[in-house]
Amino acid sequence: MSSRSLGGEFIKGLWEENPVFRQLLGMCPTLAVTGAVINGLAMGLATSFVLIFSSLVVSFIKKLIPSQVRIASYIVIIASFVTIADRFLQAFFPPISKSLGPYVPLIVVNCIILGRQEAFSSKNSVGRSIVDALGMSSGFILSLLLLSSIREILGSGTILGYQVMGTWFEPWIIMILPAGAFITLGILLGIALYIEQRAKQRK
Amino acid sequence: MELVAIFVSAILINNFVLYYFLGICPFLGVSKKIESAFSMGLAVTFVMSITAVVSWAINNWILIPYELDYLEIVSFILVIASLVQLVEMFIRKISPPLYQALGIYLPLITTNCAIMGLALLASLNEYNFVETVIFGVGSGLGFTLAIILMAGIREQLDLAEIPEPLKGAGIALIVAGIMALAFSGFIGMIT
């Protein structure tokens, strides 16, 4: 059982336990889909949908699941919601579904989702689990938006497809390549850790 | 010729770690020593090859004929999870030395997105049976190559002076970025 207030459960996902920058979970989609803001946003929303509904179902039926087969049960629940998200994107947003490729089905192995079920939803009430899932999702979406904005602005000079840099700007092709994803995330992790260490020193 | 192209491109050009960003967790987590990186690479290659065969069979003999393709995600993940269990039991019985060498890395592979990614990519590219097997083995070798190179660099990095906040994952990601840049030199090798 967690002793935080409901607001605290939500806030912790944004910084203190941010899934990407603090827990280093869900790195594959973070790196793979952040070449453009629209893809990052779609990925963030799809993952949030799966996380929130899986948390809802798992916390609701936690007493019915025998502990020996809990991981397998969580995976089946998660996979069902991933299938829904995948089919939904294919039906209503075919271009986005196409550019995200295999990464939408791969949400099923995103460690953030399984991690929250094991660490939180299986031990807490339905309400708390949903707030926790909302907080984690917001933290994940914000991280994806930050990374994809940096990469899209520097790599193509645009944001959400709109030109933001002047004509003098020569796009940095490396930022859209895989190499740019690794290097940008590495530097951002360093900055996040630096801010954290500074904050600790002040205390 | 087609098969050679699939094999080489899976190892060098469309490298699972450096191009598809699959299997980043073990890539960062188990790359501190060359020996453990080698065992991890071996285990992944082994499971990937078997997964390629099994997922192809399920996809082409069960899911497609009975129009159950909406069960693809659920069935792949369950098959991979149980497959890893089976392989683990099998190796423990047949070859205890190999089991010792793979150790903790074998169960860890279940949560490795590279395995699931392999099954999905093979079905997405509509490879036939032989192509799928070649793709599986090649991808596993590509992963092994990347993780061993990474471990070699990280052993040297221990001696380097790195700014405090970048230590650990930060510098590892930047190194991976430089490796990805080097590997992108292979693009265009096969046309």
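Taking beta carbons within 10 Å but only from partner chains, what does the mean come to for residues B:154-164? Please report the intermediate quantities before stating the final value.
Working: counts 0, 0, 0, 0, 0, 0, 0, 0, 1, 3, 4.
That works out to 1 on average.
Looking only at other chains, what is the average number of their beta-carbon atoms within 10 angstrom of each beta-carbon in A:32-44? Walk me through the numbers before you get to the answer.
Working: counts 7, 1, 1, 0, 0, 0, 0, 0, 0, 0, 0, 0, 0.
Partner-chain Cβ atoms within 10 Å, mean over residues of A:32-44: 1.
Residue by residue through the range A:190-202, which ³J(HN,Hα) values in whole Hz follow from phi under the Karplus form 6.51 cos²θ - 1.76 cosθ + 1.60 (θ = phi - 60°), with glycine and proline marked x?
Karplus values, whole Hz, x for Gly and Pro: x, 5, 4, 5, 5, 4, 4, 5, 4, 4, 5, 4, 5.
With Kirkwood's inverse mean 1/r over C-alpha pairs for Rh, give me the Rg to Rh ratio of the range B:1-152, two decimals please. Don't jump to the answer; show the numbers that get you there.
Numbers: Rg = 15.0 Å, Rh = 15.5 Å.
Taking Rh as the inverse mean 1/r over Cα pairs, Rg/Rh reads 0.97.
Put a dot 7 Å past each Cα toward the Cβ at A:Leu14 and B:Asp158; how far apart are the dots in nm?
Result: 4.1 nm between the two label points.
On average, how many beta carbons from a partner chain sit within 10 Å of the beta carbon of a residue in A:95-102? List each step's numbers first, then the result.
Numbers: counts 0, 0, 0, 0, 0, 0, 4, 12.
The mean count of partner-chain Cβ atoms within 10 Å per residue comes to 2.
Between B:Val8 and A:Gln23, what is the spin-label point distance in nm, taking each point 7 Å from the Cα along the Cα→C-beta axis?
Result for the modelled spin labels: 4.3 nm.
Got a sec? Which residues in the range A:13-55 would a label at A:Val126 touch, if it sits 7 Å along Cα→Cβ and we count backbone N under 19 Å?
Inside the label zone: A:49-55.
Measure up A:Lys12/B:Lys33; A:Lys200/B:Lys167; A:Lys12/A:Lys200; A:Lys123/B:Lys32; A:Lys12/A:Lys98 against 24 Å on the Cα-Cα distance and list the ones that go over.
Values: A:Lys12/B:Lys33 34 Å; A:Lys200/B:Lys167 17 Å; A:Lys12/A:Lys200 17 Å; A:Lys123/B:Lys32 34 Å; A:Lys12/A:Lys98 33 Å.
Exceeds cut-off: A:Lys12/B:Lys33; A:Lys123/B:Lys32; A:Lys12/A:Lys98.
Any idea of the total accessible area buried by the B-A contact, 1.4 Å probe, rounded to 100 Å²?
On the way: alone 10440 and 10890 Å², together 18430 Å².
Looking at B and A, the buried total is near 2900 Å².
Given a Förster distance of 35 angstrom, what is the FRET efficiency for B:Ile34 paired with A:Ala72, based on the Cβ-Cβ distance and rounded to 0.05? The partial results should precede the final answer.
Details: r = 34 Å, r/R0 = 0.98.
So the FRET efficiency works out to roughly 0.55.
Would you mind getting the accessible area per residue of the range B:1-93, heavy atoms of the protein chains only, 1.4 Å probe, in Å²? Write out the running numbers ahead of the final one.
On the way: 4430 Å² over 93 residues.
That works out to 48 Å² for each residue.
If you place +1 on the Cβ of every Lys and Arg and -1 on the Cβ of every Asp and Glu, how big does the dipole about the Cα centre of the protein assembly as shown come out, in debye to the nearest 20?
Working: 22 positive and 21 negative charges, 261 e Å.
Computed charge dipole of the protein assembly as shown: roughly 1260 debye.
For chain A, what is the mean residue ellipticity at 222 nm derived from helices alone (per DSSP H run of n ≥ 4: -39500 (n - 2.57); sum divided by total residues; nearest 500 deg cm²/dmol)? The partial results should precede the final answer.
Values: 8 runs with 129 residues, N = 203.
For chain A, the value works out to -21000 deg cm²/dmol.
GNM, chain B, Cα, under 10 Å: largest mean-square fluctuation among B:Leu181, B:Leu86, B:Leu68?
B:Leu68
With only alpha-carbon pairs counted, each pair once and no self-pairs, how large is the Kirkwood hydrodynamic radius of the range A:1-50 in angstroms?
Evaluated on the range A:1-50, it is 12.3 Å.
Once both labels are modelled 7 Å past Cα along the beta-carbon direction, what's the B:Leu42-B:Tyr66 spacing in nm?
3.8 nm
Before I look further, what does chain A give for accessible area per residue, probe 1.4 Å, in whole square angstrom? The partial results should precede the final answer.
On the way: 9430 Å² over 203 residues.
Result: 46 Å² of accessible area for each residue.
Sorting A:Ile141, B:Ile34, B:Ile64 by accessible area (1.4 Å probe), largest first, what list results? Kindly include the intermediate steps, with their values, before the conclusion.
Details: A:Ile141 35, B:Ile34 65, B:Ile64 95 Å².
Solvent-accessible surface, decreasing: B:Ile64, B:Ile34, A:Ile141.
How large, in percent, is the carbon and sulfur part of the accessible surface of the range A:75-167 at a probe radius of 1.4 Å? Working shown, then result.
Values: 2660 of 3690 Å².
Heavy-atom surface of the range A:75-167 belonging to carbon and sulfur, 1.4 Å probe: 72 percent.
Going highest first, how would you order A:149-159, A:76-86 by mean Cβ packing within 10 Å?
Details: A:149-159: 19.1, A:76-86: 20.9.
Descending mean neighbour count gives A:76-86, A:149-159.
Output the 0 to 90 degree angle, nearest 10, between the alpha-carbon long axis of helix B:169-183 and the longest principal axis computed from the alpha carbons of chain B.
On a 0 to 90 degree scale, this one is about 70.
So if we plug the beta-carbon distance of A:Arg4 and B:Ile94 into 1/(1 + (r/R0)^6) with R0 = 56 Å, what FRET efficiency do we get, rounded to 0.05? Working shown, then result.
Details: r = 50 Å, r/R0 = 0.88.
Working from the Cβ atoms, E equals 0.70.
Bin all alpha-carbon pair distances of the protein assembly as shown at 10 Å intervals from 0 and give each bin's fraction as a whole percent.
In whole percents, the pair-distance histogram is 5, 21, 33, 28, 11, 2, 0.
With the full set of protein chains in place, find how many percent of the accessible area of the range B:2-132 is carbon and sulfur; take the probe as 1.4 Å. Display every interim value, and only then the final one.
Working: 4140 of 6050 Å².
Taking all protein chains in place, the range B:2-132 shows 68 percent carbon and sulfur surface.
Round to a whole angstrom and tell me the spacing of the C-alpha centers of the range A:157-172 and the range A:16-58.
Value for the Cα centre distance between the two parts: 26 Å.
Cβ neighbours within 10 Å, averaged per peptide: list B:88-97, A:111-120, A:32-41 in order, most packed at the top.
On the way: B:88-97: 12.2, A:111-120: 21.1, A:32-41: 22.6.
Ranking the peptides B:88-97, A:111-120, A:32-41 by packing returns A:32-41, A:111-120, B:88-97.
Test of understanding: in a Gaussian network model of chain A with alpha carbons linked when under 10 Å, which of A:Gly139, A:Gly26, A:Gly44 would top the mean-square fluctuation ranking?
A:Gly26
Excluding residues fewer than 8 places away in the same chain, name every one of the aspartates and glutamates whose C-alpha is closer than 16 Å to that of A:Lys203.
Cα-Cα hits under 16 Å: A:Glu16.
Could you please tell me the mean projected area of the C-alpha convex hull for the range A:1-106, averaged over all directions and given in square nanometres to one decimal? If you can, show how the numbers build up before the last one.
Details: hull surface 32.0 nm².
Answer in nm², one decimal: 8.0.
Can you give the translational diffusion coefficient of chain A in µm²/s, computed by Stokes-Einstein from the Kirkwood radius over Cα pairs at 4 °C and 1.567 mPa s? Write down the numbers at each step before the final one.
Numbers: Rh = 17.9 Å.
For the chosen part, D equals 72 µm²/s.
The values are calculated or read from the model by the stated rules, or taken from the named source; none is laboratory data. Treat the numbers as computed from the prediction; the structure is a model and nothing was measured. Neighbour counts are summed over all protein chains in view; Cβ atoms, including those assigned to glycine, are modelled from backbone coordinates with ideal geometry. Quick note on the areas: whole protein, heavy atoms, side chains included, nothing else; ligands and nucleic acids left out. Shrake-Rupley method; radii C 1.70, N 1.55, O 1.52, S 1.80 Å.
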